[in-house]
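Worksheet: the structure to be examined is printed underneath.
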Amino acid sequence: MEKLIIKGPGRIRGSLTVSGSKNTALMLMSGALLAPGRTRLTNVPLLRDVSTFSQVLRVVGADVRVDETTGAIDIDASNLTSCEAPYELVKKMRASFYMLGTLLGRFGQARVSLPGGCAWGPRPVDLHLAGLKALGAEIELDHGYVVAKAKGGRLTGGAFRFEKSSVGATANVMLAAVLARGTTCLDNVAIEPDVIELGLSLVKMGARIEGLGTHSLEIEGVDALTATELENCPDRIELGTFMIAAAMAGAPGEPVRINRGRPDQLGDAFAQALLDTGATIEFADDHVLVEAPDQLRATSIVTGVYPGFPTDLQAQWVVMLTQATGTATVRDPIYPDRFAHIPELVRLGATAGVSGDSATISGPTPLTGANVMSTDLRASVSLLMAGIVATGETHVLRVYHLDRGYERIEEKLKKAGVNIRRERYDEFAQPVPHLFER
Ligand code: EPZ
């Protein structure tokens, strides 16, 4: 196992650079399977989730080559040999479920393991299945697998309204609909930037999609798509993470420069909330400057679908609130149980508690270093951020969670003045009893 050790209190100074988007890259990698030939994806982050998804693509027969120096991935989907995405891989990463819409769209059949639960409770896929049925798929569950077949061997298209906005279900149905025999009309689709980027890329491959950016899409199925070169967008959640970290741990009077982000993809709610804390934000063409205030103002947020406050930034916001003056709440109606980071932050001395789908945090509270356990991707980065402002050493355990979604984060933070290092440790080593001074 690996852990990160952060020695604090420290300050973030200078600049940070945003990598390619994890969540968009996973969608584009699925899209590449829709066209025979070699698709090249550029600006792909070298992350655990990307390598897991590369394995999924290889299992169905794609030739996947990752160029670690350039961050380009070549995916040749000319000779796919299987329509099955196995439990062993899907259990590691929910986005593998995009294989259902993709393989159904390309081959009219698919067998994909149902994704299990995750660190913060049930994450159903009922909308994915209902949407694909509306396109003409027959779906049954078989020993933990979703087995889907298109009547007549090819989806017909159809009309479907998503009962609630879902990023994953929208993407899965889009991936299936672009190669259907007919037209698909979708309502109440998600408009998260990842979904828009997927739509624009599918259009570049020859798909016919109207309404991108709105909550209604019309997708006229085509007989074939063409492999081409697709550029992945920057990671908006990494950008948001760095902006919150700069507001919390930057040095007043010394703006932190964050390069290569797309702040427009973060939505207004987030930018306004950050300004309400007293932080200063300056947007430029290719970078954002964030300056920490002398004292942060406690600011409550409620997460929402885009352009609302992203749920993937609420854990980072909670940490910042431990250093802000006053009491504030963080409510997450998208994932009501997504507060596994709170008990770990309390171990560092935070004043925080959870009730229902809300957390209440008071500050400013001095944090002190301790061992803390990562439980999921965004919770783990929030613990890392807490370690920057805590006094002494914070050991963030099980950082494989962090490696799923943040590329070379300790390298980036080290360059920005944070005292951080990675170490291996034995999770099952026996604790050494604390010997009393004689
Ligand atoms: C995507 O997950 C992201 N994952 C998540 O980021 C992100 O938190 C989430 O969107 C919301 O923005 C990827 O892109 C790989 P949803 P997804 O379907 O698609 C409910 C990260 O940290 N729902 O929009 O799974 C669901 O339970 C990850 O990078 C149903 O009820 O999210 C949730 O309450 C974590 N039935 C809500 O909708 C369904 O069939 C939104 O989920 C599908 C979803």
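Here the stretch 1-94 is treated with +1 on each Lys and Arg Cβ and -1 on each Asp and Glu Cβ, and its dipole about the Cα centre works out to around 600 debye. Projecting the Cα positions of His395, Val18, Gly71 onto the charge dipole of the chain (unit charges on Cβ atoms of Lys, Arg, Asp and Glu, taken about the Cα centre) puts His395 furthest along the positive direction.
Taking the convex hull of the alpha carbon positions in the stretch 51-103 and averaging its projected area over all directions gives 3.6 nm². Full extension of the chain between Gln272 and Asp126 gives 49.2 nm of extra length, using 0.36 nm per residue less the Cα-Cα distance.
Applying a threshold of 20 Å to the alpha-carbon distances of Lys91/Lys412; Lys151/Lys204; Lys7/Lys415; Lys149/Lys204; Lys7/Lys414; Lys133/Lys164 flags Lys91/Lys412; Lys151/Lys204; Lys149/Lys204 as lying beyond it.
Look at the Cα gyration tensor of the stretch 186-328: its axes a ≥ b ≥ c give a/c of at least 1.5 with a/b over b/c, and that counts as prolate. Heavy-atom accessible area, probed at 1.4 angstrom with all protein chains present, ranks Asp312, Asp187 as Asp187, Asp312, highest first. In plain terms, the chain from Val203 to Val354 could stretch by 50.0 nm, reckoned as 0.36 nm per residue minus the Cα-Cα distance. Farthest toward the positive end of the dipole of the chain, out of Gly144, Leu274, Leu384, is the Cα of Gly144, where the dipole comes from beta carbon charges about the Cα centre.
Of the beta bridges in the chain, as assigned by DSSP with both residues counted there, near 75 percent are antiparallel. Under the convention that each Lys and Arg Cβ holds +1 and each Asp and Glu Cβ holds -1, the size of the dipole of the stretch 231-372 around its Cα centre is about 420 debye.
Note on Glu138 and Glu423: their simple-model spin labels are 6.0 nm apart, each label 7 Å out from Cα toward Cβ.
DSSP finds beta bridges in the stretch 222-357, and of those with both partners inside it, around 70 percent are antiparallel.
Return, ordered by residue number, the residues of the stretch 104-143 whose backbone nitrogen is under 14 Å from a label point located 7 Å along Cα→Cβ of Lys164. From the stretch 104-143, the list is 121-128.
Tell me the net charge near Asp426. Cut-off is 14 Å between Cβ atoms, Asp426 excluded, with +1 for each Lys or Arg and -1 for each Asp or Glu. Surrounding charge for Asp426 is 0. Among Asp376, Asp286, Asp276, the residue with the largest mean-square fluctuation in a Gaussian network model of the chain, with springs joining Cα atoms closer than 10 Å, is Asp286.
Mean sequence separation of contacting Cα pairs (under 8 Å, at least six apart), scaled by the length of the chain, corresponds to a relative contact order of 21 percent. Highest GNM mean-square fluctuation among Ala137, Ala62, Ala224, for the chain modelled with Cα contacts below 10 Å: Ala224.
Once a ≥ b ≥ c are taken as the square roots of the eigenvalues of the Cα gyration tensor of the stretch 68-217, is the result rounded (a/c under 1.5), prolate (a/b larger than b/c) or oblate (a/b not larger than b/c)? Rounded. Ellipticity at 222 nm from helices only: DSSP H runs of n ≥ 4 in the chain, each -39500 (n - 2.57), divided by the residue count, give -8500 deg cm²/dmol. Compared with the alpha-carbon gap, the fully stretched path from Asn79 to Asn188 is longer by 35.7 nm at 0.36 nm per residue.
The relative contact order of the stretch 1-138 comes to 20 percent, based on Cα pairs under 8 Å that sit 6 or more residues apart. Across the stretch 130-283, the relative contact order, built from alpha-carbon pairs under 8 Å that are at least six residues apart, equals 16 percent. Within the stretch 272-356, the ratio Rg/Rh, alpha carbon atoms throughout and Rh by Kirkwood, equals 0.98. Seen through its C-alpha gyration tensor, with square-root eigenvalues sorted a ≥ b ≥ c, the stretch 289-425 comes out rounded because a/c lies under 1.5.
The share of accessible area on the chain that comes from carbon and sulfur is 50 percent, using a 1.4 angstrom probe. Above 42 Å, the calculated P(r) of the chain contains 16 percent of its Cα-Cα pairs. Report note on the peptides 96-108, 251-263: ranked by the mean count of other C-beta atoms within 10 Å, highest first, their order is 96-108, 251-263. Remark: the chain carries a charge dipole of roughly 620 debye about the Cα centre, counting +1 on each Lys and Arg Cβ and -1 on each Asp and Glu Cβ.
Computed from the alpha carbon atoms alone, the convex hull of the stretch 49-142 holds 110 Å³ per residue. A simple spin-label model places pseudo-atoms 7 Å from Cα toward Cβ; at Thr280 and Glu210 they are separated by 4.8 nm.
The values are calculated or read from the model by the stated rules, or taken from the named source; none is laboratory data. Computed from a predicted model, the values in this text were never measured in an experiment. All Cβ positions, glycine included, derive from the backbone under ideal geometry; neighbour counts span all protein chains shown. Only protein heavy atoms, including side chains, enter the accessible area calculation; ligands, DNA and RNA are left aside. Shrake-Rupley method; radii C 1.70, N 1.55, O 1.52, S 1.80 Å.
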